[in-house]
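This report refers to the structure that appears directly beneath it.
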Amino acid sequence: MKEEKVNVKNKISKKLHSTELGKELLFNVKKLTGKIHRPDMEFPELISLETASVCNLRCIHCPPQSKELRDQGRPLGLMDINLFMKLMDEIDKHGRRRIALHKDGEPLLHPQVTEMIKRTKKNVDHIVYLTTNAHKLTDEIADLIIEKKIDVVNFSIGAATEEFYRKVRGKNFNKVMNNIHNYLDKVEKSEWKPRILVQIIRLPEFPEMEEEIKRFKKYWKNYPVEVQVWDKLTWGVYDYKERNKNRYPCYSLWESFTVNSDGLVSACCIDWQQKLITGDTNKQSIEEIWKGGVLRNMRKLHVEGRENELPICGSCNYWDWQQKLDEYAI
């Protein structure tokens, strides 16, 4: 019953967030009830640790993995295990946080990913997220993420059929489905019940897209998962002719901290080209960067409606996916 209530709540929230009116309604309700969330300016709430920026797929919607745009970006690689451990040591000192083990690449490609997964909850019961395409979801890893109680597992699938999967991702669809169902079978037999998401991206360039989404929803409705249909992100690489008059500051600058696989810190998870670098965790602490002048200046520009002065931000639509605050500290 509790799980059903959570799913209903998530569906209602997602529906309201899909329109300007809905978001404004949610904001006003929270304001009236005194439940407006105020970000922690001492230390980030959500820390994304990009364990791997390499990927075994070449999804057509993903700039970091497309050849043309990858050539404009940065070298791809794996996070040093010692850096990962150092970052976890600092995070632990600040109490329970949300930790994502992914960004642009496929986290399960890291040869030491099992050590990383084990470390996340060793000292503090953090809320841990893992997004994967499931190609490398072995029996061992499936067992481990259940044993270590990874809270949210997001399967980035992108298709409901073999034919469409090969079009958009170019690999074996059946292998992915078998791995996911193997994990679901293990969860069913386990006492741990994580939040499990299955995701498809709406790609408007494909005429059959809406039918594919219908098939996707129909297939997964009988399983204990949440279906997510995401609109295609701009990734900050497309130009907008004019600023959206309803635009508000992007919550990412007040909530999340993104460490790239090389240790450089991006202002948000969309910065695949590393154009919004706020610091270097090889030389600085998370707290130092979070409170630093570079990030404070970025927040100030967003509050003043001058986000166009920042690379990526002016041509990005990720802000529209974020919650609105009643006040923005700088």
Flag for Tyr183 being among the aromatic types (Phe, Trp, Tyr), out of contact with any His (no Cβ under 6 Å at 6 or more places or on another chain), crowded, with 18+ Cβ neighbours inside 10 Å and within 17 Å of Ile146 (Cβ to Cβ): yes
What number of residues within segment 230-253 satisfy the criterion of being surrounded by 14 or more Cβ atoms within 10 Å (Cβ to Cβ), of a type in the set (Phe, Trp, Tyr) and at pLDDT 75 or above? 2
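Modelled with pLDDT under 65, surrounded by fewer than 14 Cβ atoms within 10 Å (Cβ to Cβ) and of a type in the set (A, V, I, L, M), is that true of Met41?
Working: modelled with pLDDT under 65: no; surrounded by fewer than 14 Cβ atoms within 10 Å (Cβ to Cβ): yes; of a type in the set (A, V, I, L, M): yes.
The answer is no for Met41.
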Can you name every residue in segment 91-111 that is in contact (Cβ under 8 Å) with a residue 24 or more places away in the chain and surrounded by fewer than 16 Cβ atoms within 10 Å (Cβ to Cβ)? Gly95, Arg96, Pro111
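Which of the residues spanning segment 191-202 are surrounded by 14 or more Cβ atoms within 10 Å (Cβ to Cβ) and either of a type in the set (Lys, Arg) or without any contact (Cβ under 8 Å) to a residue 40 or more places away in the chain (or both)?
Start the filter on segment 191-202 by keeping residues that are surrounded by 14 or more Cβ atoms within 10 Å (Cβ to Cβ), which leaves 194-202.
Across segment 191-202, the qualifying residues are Arg195, Arg202.
Take segment 270-280 and flag every residue that is surrounded by fewer than 19 Cβ atoms within 10 Å (Cβ to Cβ) and in contact (Cβ under 8 Å) with a residue 60 or more places away in the chain.
Gln274
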Starting from residues that are touching a strand residue (DSSP E or B) at 6+ places or on another chain (Cβ under 8 Å) and among the acidic types (Asp, Glu), keep the ones in segment 250-273 and report whichever is farthest from Asp104 (Cα to Cα). Glu255
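Quick grid of which residues meet (1) exposed (fewer than 15 other Cβ atoms within 10 Å of the Cβ); (2) at pLDDT below 95:
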position	(1), (2)
Tyr129	no, no
Glu162	yes, no
Met177	no, no
Pro204	yes, yes
Gln228	no, yes
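Is it the case that segment 281-303 has a residue that's at pLDDT below 80, within 21 Å of the chain's Cα centre (by Cα) and surrounded by 15 or more Cβ atoms within 10 Å (Cβ to Cβ)? Steps first, answer last, please.
Narrowing segment 281-303 to residues at pLDDT below 80: none.
Looking for residues that are at pLDDT below 80, within 21 Å of the chain's Cα centre (by Cα) and surrounded by 15 or more Cβ atoms within 10 Å (Cβ to Cβ), one finds none in segment 281-303, hence no.
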Residue within segment 70-91 that is of a type in the set (Asp, Glu) and either at pLDDT below 95 or under 26 Å from Pro311 (Cβ atoms) (or both) present: yes
Anything in segment 263-293 that is of a type outside the set (Ser, Thr, Tyr), touching a Leu at 6+ places or on another chain (Cβ under 9 Å) and not in a loop (DSSP other than H, G, I, E, B)? List them, or say none. Val265, Ile277, Gly279, Asp280, Ile286, Ile289
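The values are calculated or read from the model by the stated rules, or taken from the named source; none is laboratory data. Because the structure is predicted, anything quoted here is derived from the model rather than measured. Every residue, glycine as well, gets a Cβ built from its backbone with ideal geometry; the counts of neighbours run over all protein chains shown.
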